[in-house]
Amino acid sequence: MPRPIRIPLLGNLHQLYFYDRQYTHKALTKLASVYGNNMKVWFGFVGSIVISGYGRIQEVLRSDDWVGEQDDVWVLDRTVSRGKRAVTENADSIRAWASARMYTNQVLKEYDFGKDRSLDSLLRNSVSNLCGLVQYWKDKNNNKIEMKNFFQPFALSVNWSLVTGEVLTMEDSRIRELLKLIKTWEEITIENSRYLSHWPILSKWFPKQIGLDRLDEVNKKIRCFLQNLIEDHKAQREPFSSPKNLIDKFLSKIEEFGDVPDKKPHHLPFTETTLISVLFNIFCPSTLVLQSTLNFALLYISKSAEVQERILEEVQNVVGGQNITPSVDQLHRMPYLTAVIVEIYRVANVIPMEKRKILKTVREGDTRVTQGMSLVFNYDSANFDPLLWKDPSSFRPDRFLDQNGKIINENKVLAVVAAKRLCIGEIVSRPVLLHVISSLVQLFKFTNYANDIVIRNPEFGIINKPSCYEIIVN
């Protein structure tokens, strides 16, 4: 397999730094132009197979042999101490985690726990609160809103609704507590990633010096919060009643799998330990991804009055009036809004690259990749490929519409394809964007004067986030 020459301690980090000092994914794209779409790169002590290019990533994503589960064990250490990892101990426990993830996505995809708890109903309530918040800050700050963390409470409240069936506001102490924990977790994770992504041995040699004890501490607090949430739902469950939310459904599965013989607890896909990991994924990484996607959405939409007008016209034509939020089932009748959402996924590039662990040894031609090796998908190489997209850095929703106004090329956006294949909670991202965008453009007009530096140079930590910007709301 082609590979750049590495040096001791640094591996290929010096070459990545040479190609792009700020964005690793862009450096990998440039390195792939030299060594190909399958190359081995050493990030310090960690050797990884880097997959680049639309065609090659699609091919690997379709293969169950290649695609495993998340590789950054120090990030996934969410349920127990480092010595007893529940979901990353070995291939069997990772497969159990994969089953739990697939089941969770299936539940979210078919979300409908009664008429009053349908996905549309929950989102309408949450988006109504969001619109009220926009109006409040608009009036308070002379039509200006700073967007850095504006969507985070909303993103968390949406995920809370999906998990519990409740719609909470910022006045609820549980939301405020969880927001503080997520902020701390993100800050510490970014800090730790500078070391542990490249030199994981430091977690054993210098855990205190690199701040790993702080990560353990915040993980413990989040686990405790989630355990209390599960206990509350256990106490409220009624015997023989149908599940009312995701936690209830998962608890029912735990009971169903509770008597499986000859299985170690961490090999079972449905345990309370795995449920805590599922909830951790939804409340922490998925909340940050949804928040960032919404931030990017408003950043790009507010740059174009024409885009807002076309969305407004299409929404009103479909719903047959003003200030009526369309349902998820009506999205297929709104090709332009769909094109806007898909283009947001592409240019936002919220997850520009992702690490996975290969679950079994793979042979492909003369190439042999051993079980447990790290696999890096470089989505940036496809989402900004000039051979796939004309003027790839520009926000142009019309690139996904044919001459008859029908959606085309949607599956060429790897943020869409990979989310369907790999990520917990991303299955509901599109319905959320539908509700938020369609509601906001019916009530407000947005403008921003962010320059190209803000748009083209996002902050990169765990994910891509837009630099701080301000919008004008009328």
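The values are calculated or read from the model by the stated rules, or taken from the named source; none is laboratory data. These numbers were taken from a predicted model, which means no experiment stands behind them. Neighbour counts run over all protein chains shown; Cβ positions are idealised from the backbone, glycine included.
Brief remarks follow.
- A Cβ distance below 8 Å, combined with a sequence gap of six or more or placement on separate chains, defines the contacts here; from segment 386-404, residues that are under 17 Å from Lys303 (Cβ atoms) reach residues that are of a type in the set (Ser, Thr, Tyr) and not in a strand (DSSP E or B) in the pairs Phe395/Tyr300; Phe395/Ser304; Pro397/Tyr336.
- Condition check for Asn349: buried (at least 18 other Cβ atoms within 10 Å of the Cβ), closer than 22 Å to Lys465 by Cα and without any contact (Cβ under 8 Å) to a residue 40 or more places away in the chain: no
- When the residues of segment 1-23 are filtered to those that are without any contact (Cβ under 8 Å) to a residue 60 or more places away in the chain and outside any loop (DSSP other than H, G, I, E, B), the one that is surrounded by the most Cβ atoms within 10 Å (Cβ to Cβ) is Leu16.
- The residues listed here are Leu162, Leu168, Leu179, Leu123; of these, the one that is hydrophobic (A, V, I, L, M, F, W, C) and more than 19 Å from the chain's Cα centre (by Cα) is Leu168.
- Selected residue (criterion: nearest to Gly11 (Cα to Cα)) from residues of segment 194-221 that are among the polar types (S, T, N, Q) and under 24 Å from the mean Cα position of the chain (by Cα): Ser197
- The residue of segment 305-345 that is farthest from the chain's Cα centre (by Cα), among those that are buried (at least 17 other Cβ atoms within 10 Å of the Cβ) and among the small types (Gly, Ala, Ser), is Ser327.
- Criterion (surrounded by 15 or more Cβ atoms within 10 Å (Cβ to Cβ) and more than 21 Å from Ile427 (Cα to Cα)) met by exactly one of Leu122, Leu162, Leu202, Leu156: Leu202
- Unmet criterion (only one of (1) more than 23 Å from Gln291 (Cβ to Cβ); (2) not in a helix (DSSP H, G or I)) for Glu166: (1)
- Selection from segment 174-218 of residues that are hydroxyl-bearing (Ser, Thr, Tyr) and either modelled with pLDDT under 90 or in a loop (DSSP other than H, G, I, E, B) (or both): Thr189, Ser193, Tyr195, Ser197, Ser203
- Applying the condition of being part of a helix (DSSP H, G or I) and in contact with a Ser or Thr (Cβ under 8 Å, 6 or more places away or on another chain) to segment 371-409 and asking which residue is surrounded by the most Cβ atoms within 10 Å (Cβ to Cβ) yields Ala382.
- Helices (runs of 4 or more DSSP H) wholly inside segment 255-323 that include at least 3 residues being of a type in the set (S, T, N, Q), farther than 22 Å from Ser438 by Cβ and at pLDDT below 90: 272-283
- Gly44 vs. criteria under 15 Å from Met353 (Cα atoms), in contact with a helix residue (DSSP H, G or I) (Cβ under 7 Å, 6 or more places away or on another chain), buried (at least 19 other Cβ atoms within 10 Å of the Cβ) and in contact (Cβ under 8 Å) with a residue 40 or more places away in the chain: no
- Any hit, segment 74-89, residues being over 19 Å from Leu279 (Cα atoms), crowded, with 20+ Cβ neighbours inside 10 Å and modelled with pLDDT under 80: no
- All told, Arg456 meets the bar of being of a type outside the set (Gly, Ala, Ser) and farther than 14 Å from Ile344 by Cβ.
- Checking segment 23-33 against the condition returns no match, with no residue being at pLDDT below 90 and under 26 Å from the mean Cα position of the chain (by Cα).
- Output for segment 276-318, where each listed residue is of a type outside the set (Gly, Ala, Ser), in contact (Cβ under 8 Å) with a residue 24 or more places away in the chain and over 23 Å from Glu354 (Cα atoms): Leu298, Leu299, Tyr300, Ile301, Lys303, Val307, Gln308, Arg310, Ile311, Leu312, Val315, Gln316
- When each of Lys148, Lys221 is tested for being of a type in the set (D, E, K, R), surrounded by fewer than 17 Cβ atoms within 10 Å (Cβ to Cβ) and not in a helix (DSSP H, G or I), the lone residue that passes is Lys148.
- Given (1) at pLDDT below 80; (2) at positive phi, number of the condition Ile455 does not satisfy: (2)
- Within segment 176-186, the set of residues being crowded, with 16+ Cβ neighbours inside 10 Å and either of a type outside the set (Ser, Thr, Tyr) or over 22 Å from Ser292 (Cβ atoms) (or both) comprises Leu178, Leu179, Leu181, Ile182, Trp185, Glu186.
- Single residue of segment 426-452 satisfying the filter (of a type in the set (Gly, Ala, Ser) and modelled with pLDDT under 90) that is surrounded by the most Cβ atoms within 10 Å (Cβ to Cβ): Ser429
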